[in-house]
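Sharing a structure with you now.
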Protein chains: 2
Amino acid sequence: MGICGKDLIKDGWFSERGALWPGQAMSLQVTDVLYSGRSAFQDLLVFTNPTYGTVLVLDGVIQVTTRDEFAYQEMIAHLPLFAHPAPVDVLVIGGGDGGVLREVLKHPSVARAVLVEIDAAVVEASKRYLPALAAGFDDPRVEVVIADGAAYMADHVDAYDVIITDSSDPIGPAEVLFQPPFYAAMARSLRAGGLACCQGECMWLHLDLIRPLLSACRRLFPTVGYAYTAVPTYPSGQIGFVICAKDAGVDLATPRRAPSAAVQGRLRYYSPPVHAAAFVLPEFARRAVEEGGDADGGRTAADAVADK
Amino acid sequence: MGICGKDLIKDGWFSERGALWPGQAMSLQVTDVLYSGRSAFQDLLVFTNPTYGTVLVLDGVIQVTTRDEFAYQEMIAHLPLFAHPAPVDVLVIGGGDGGVLREVLKHPSVARAVLVEIDAAVVEASKRYLPALAAGFDDPRVEVVIADGAAYMADHVDAYDVIITDSSDPIGPAEVLFQPPFYAAMARSLRAGGLACCQGECMWLHLDLIRPLLSACRRLFPTVGYAYTAVPTYPSGQIGFVICAKDAGVDLATPRRAPSAAVQGRLRYYSPPVHAAAFVLPEFARRAVEEGGDADGGRTAADAVADK
């Protein structure tokens with residue numbers, strides 16, 4: 001049972017057909033299949049593509065390609081980290097490829113970065129096939145725990161400044177990561193002043209999932225926002241982030257710190273202006289996700305400009 | 001010779017394989033083929049898809065789908081139009097589907113909108129299969145000219161406030177629209193204070209085309225900018241715009257006017273904040289397209305923030 005990623009390769013092309021994006025599929029030419037197999041949790045496929053480099057696929061869904069992964073890893077990590085004045089202890093749930101960890105470690109204030117991944121096979125595959133992502137695992141500040149994220153957080157209350165949930169889609173092992181009890185566990189595991197940032201699906205495909213998720217978050221956190229980034233190999237080319245702050249009145253769209261010149265020079269996607277722009281949603285999405293907004297009325301962006 | 005769009009349909013799926021995006025392809029399920037045929041200029045294919053509605057394909061390349069077309073039409077039209085204080089005469093080159101025209105006509109100051117399309121078959125196909133886009137053709141302010149855009153502009157010097165070039169990719173009939181003589185013709189056809197906005201390909205795929213194009217523009221116009229929008233069915237999910245102003249010192253990223261509440265209510269993508277955010281490029285692209293910038297040095301966004 002379950003999807004076998006290798007079965008989605010026909011005539012030398014992998015086609016990402018999935019129930020979450022009916023009628024559309026990203027297709028990538030396959031140069032070589034480096035690995036195909038099943039862990040206790042999911043199906044893994046690693047192949048190479050002439051444009052996108054090495055591609056990691058879990059349960060038939062593209063997770064990272066070495067060409068465009070920075071557009072995702074930098075944004076899911078730096079949006080909450082630069083919205084925090086001085087993050088010291090950081091927890092990453094999921095993210096077994098190590099890419100988010102690599103970005104977390106670029107913050108000099110971070111003393112400890114714990115990665116809790118349920119599937120050791122993802123960490124092992126990344127260390128073998130995706131060394132540019134797995135680089136983060138070698139840092140002495142890192143602790144890797146193979147466990148369930150919600151269970152880990154239950155034992156670590158009031159312990160983290162930033163929690164980043166880098167999950168796959170809400171079908172399969174990551175389903176629970178999109179439900180209110182998981183968000184409640186994050187709220188308890190964060191310290192005062194803490195922020196959480198979670199993979200939040202695509203506004204072109206999943207507004208029906210995003211709207212109730214944001215409503216649930218607003219009952220758990222006083223400050224909730226939605227931002228997005230554009231990643232060519234993700235379905236519809238975009239992916240969003242649900243960002244929650246434990247304090248009220250936090251301006252999530254305005255970074256609290258700027259990267260040093262040395263760190264900025266190592267970033268390929270994020271900058272302070274990119275941070276602010278990531279929260280500016282197209283009108284159809286803004287109307288759908290803003291509290292009290294609807295598709296035909298409510299306060300418009302034009303009103304906001306007219307007030308200035 | 002030439003691509004036949006219908007030949008790209010296999011087992012009920014259309015796959016957009018093209019020389020401009022090797023190794024990757026957007027695939028869309030085909031419910032019904034509404035039209036397939038060849039004009040004097042190119043191959044036309046119209047089909048329906050369960051998620052994206054009606055899809056227009058020229059020479060094997062997706063041009064519009066009725067689900068996501070507004071993300072492109074609104075941005076290519078409203079970025080230059082709202083950067084102009086009071087556009088009266090507007091020229092659209094290409095754009096035979098009528099979608100850009102529909103957006104131009106939302107500006108009450110516009111007295112005359114001329115569409116110059118080389119291929120009458122595109123206009124006819126749109127009127128028949130894409131009525132939501134072709135709606136603009138019925139407005140009394142519209143004049144449709146079936147002709148070569150560069151030749152038309154040579155006869156209309158100092159005549160337009162805004163020129164929008166809504167072209168297909170630089171292979172086939174649109175190749176000349178990406179070359180300096182075409183940009184020079186736009187500069188001559190614009191009045192003082194005028195702006196041009198042209199389809200500018202994708203920063204993930206075509207920086208090698210975008211960089212020299214921007215350099216050429218900087219020799220023809222005193223103000224040149226690059227913005228982008230995210231469209232799920234375009235290659236890599238994004239498309240850029242080259243925006244040029246005939247005057248020096250124009251702040252292209254700041255709208256000169258806000259839409260009225262009535263107009264804003266009819267827009268599904270554009271808003272004044274979206275306008276500004278469209279010019280904020282990811283670092284890899286900003287370094288590549290900014291004059292004097294390079295991948296490893298130059299002034300960074302962090303420097304700009306630090307200066308504040």
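Sketch the reach of a paramagnetic label on residue A:86 as a point 7 Å from Cα along Cα-to-Cβ, and name the residues of the range A:250-285 whose backbone nitrogen lies under 16 Å away.
A:256-258
To continue, here is another question. Which value, in debye to the nearest 20, gives the size of the charge dipole of the protein assembly as shown about its Cα centre, when Lys and Arg are +1 and Asp and Glu are -1 at the Cβ?
Working: 50 positive and 72 negative charges, 190 e Å.
So the dipole magnitude of the protein assembly as shown works out to roughly 920 debye.
Then there's this: Since chains B and A are linked by a rotation, which residue in B has the beta carbon closest to its axis, and how far is it in Å?
That would be B:237, 1, residue then distance in Å.
To continue, here is another question. Nearest 0.05, what FRET efficiency do residue A:179 and residue B:11 give at R0 = 35 Å with Cβ-Cβ as r?
0.45
Please report Rg (one decimal) and Dmax (integer) in Å for the Cα set of the range B:5-65.
Cα radius of gyration and Dmax of the range B:5-65 are 10.8, 31 Å respectively.
Distance from the Cα centre of the range A:165-243 to that of the range B:198-230, in angstrom?
34
Determine, from the Cβ-Cβ distance of residue B:211 and residue A:157 and an R0 of 35 Å, the FRET efficiency 1/(1 + (r/R0)^6), rounded to the nearest 0.05.
Plugging the Cβ-Cβ distance into 1/(1 + (r/R0)^6) gives 0.10.
Which aspartates and glutamates have a Cα less than 16 Å from the Cα of residue A:246, not counting those fewer than 8 places away in the same chain?
A:89, A:158, A:161
Looking only at other chains, what is the average number of their beta-carbon atoms within 10 angstrom of each beta-carbon in B:69-76?
Numbers: counts 0, 3, 3, 0, 0, 2, 1, 0.
If you average over the peptide's residues, the count of other-chain Cβ atoms is 1.
If you don't mind, another one. Hey, quick one: spin label on residue A:290, modelled 7 Å out along Cα-Cβ, who in the range B:252-273 has an amide N within reach, i.e. under 12 Å?
Within reach of a label on residue A:290, which here means backbone N under 12 Å from a point 7 Å along Cα→Cβ, the range B:252-273 contributes B:265, B:271-273.
Next question, about the same structure. How many angstrom lie between the C-alpha centres of the range A:245-275 and the range B:19-87?
Result: 35 Å between the Cα centres.
Using 0.36 nm per residue of separation minus the Cα-Cα distance, give me the extension gain between residue B:40 and residue B:141 in nm, one decimal.
On the way: separation 101, 0.36 × 101 = 36.36 nm, distance 2.83 nm.
Residue separation times 0.36 nm, minus the Cα-Cα distance, leaves 33.5 nm.
Also, I was wondering about something else. Mean shadow of the range A:69-303, computed from the convex hull of its alpha carbons, in nm²?
Details: hull surface 48.8 nm².
Its Cα hull, projected and averaged over all orientations, spans 12.2 nm².
Using the 10 angstrom Cβ neighbour count as an exposure proxy, how do B:263, B:224, B:64 rank, fewest first? Walk me through the numbers before you get to the answer.
On the way: B:263 16, B:224 23, B:64 27.
If I rank by nearby Cβ atoms, fewest first, I get B:263, B:224, B:64.
Next question, about the same structure. Would you mind counting up the charge near residue A:94? Only other residues with Cβ under 10 Å from its Cβ, with Lys and Arg at +1 and Asp and Glu at -1. Could you put the intermediate results ahead of the total?
Working: positive: none; negative: A:97, A:117, A:119, A:166.
Spelling it out: positives minus negatives among the neighbours equals -4.
Shifting gears a bit: Residue A:19 to residue B:20: FRET efficiency via 1/(1 + (r/R0)^6), r the Cβ-Cβ distance, R0 51 Å, to the nearest 0.05?
Values: r = 30 Å, r/R0 = 0.60.
With a Förster radius of 51 Å, E is 0.95.
Now a separate question. Once you put a point 7 Å from the Cα of residue A:124 and another 7 Å from the Cα of residue B:4, both along the Cβ direction, what distance in nm separates them?
5.0
Over the protein assembly as shown, what per residue volume does the convex hull of the Cα atoms give, in whole Å³? Please list the in-between numbers first.
On the way: hull volume 87.8 nm³, N = 616.
Normalising the Cα hull of the protein assembly as shown by residue number yields 143 Å³.
If the label for residue B:109 sits 7 angstrom from Cα along the Cα-to-Cβ line, what are its distances to the same label in every other copy, in nm to one decimal, shortest first?
So the label point of residue B:109 gives 4.5 nm to the other copies.
Could I ask something else about it? Provide the descending list of Cα extents for the range B:193-285 along its principal axes, expressed in whole angstroms.
Dimensions of the range B:193-285 along the principal axes of its Cα atoms: 40, 34, 21 Å.
Between residue A:157 and the same site in the other copies, what are the distances in nm, shortest first, taking label points 7 Å from Cα along the C-beta direction?
With the label placed 7 Å along Cα→Cβ, residue A:157 yields 8.0 nm.
Still on this structure, please answer the following. At 7 Å along the Cα-to-beta-carbon direction for both residue B:191 and residue A:33, put a label point, then send me their distance in nm to one decimal.
6.4
What are the nm distances, shortest first, from residue B:11 to its equivalents in the other copies, labels at 7 Å along Cα→Cβ?
Reported distances to equivalent positions: 0.9 nm.
Using square roots of five times the C-alpha gyration tensor eigenvalues, list the equivalent-ellipsoid semi-axes of the range A:223-272 in whole Å, biggest first. Numbers along the way, then the final one.
Working: eigenvalues 94, 83, 7 Å².
Square roots of five times the eigenvalues give 22, 20, 6 Å.
Something else about it: So if I place +1 on the C-beta of Lys and Arg and -1 on the C-beta of Asp and Glu, and nothing else carries charge, what would the dipole magnitude of the range B:1-142 be about its Cα centre? I want it in debye, nearest 20.
On the way: 11 positive and 17 negative charges, 17 e Å.
Using Cβ point charges on Lys, Arg, Asp and Glu, the range B:1-142 gives about 80 debye.
For the range B:69-303, build the charge dipole from Cβ charges (+1 Lys, Arg; -1 Asp, Glu) around the Cα centre, then report which of B:221, B:253, B:93 sits farthest towards its positive end.
Toward the positive end, the furthest listed residue is B:253.
Each value in this text was obtained by applying a stated rule to the coordinates, not by laboratory testing. What you see is a predicted model, and the numbers here were worked out from it, not measured in a lab. Here Cβ is always computed from backbone atoms with ideal geometry, including for glycine, and neighbour counts include all displayed protein chains.
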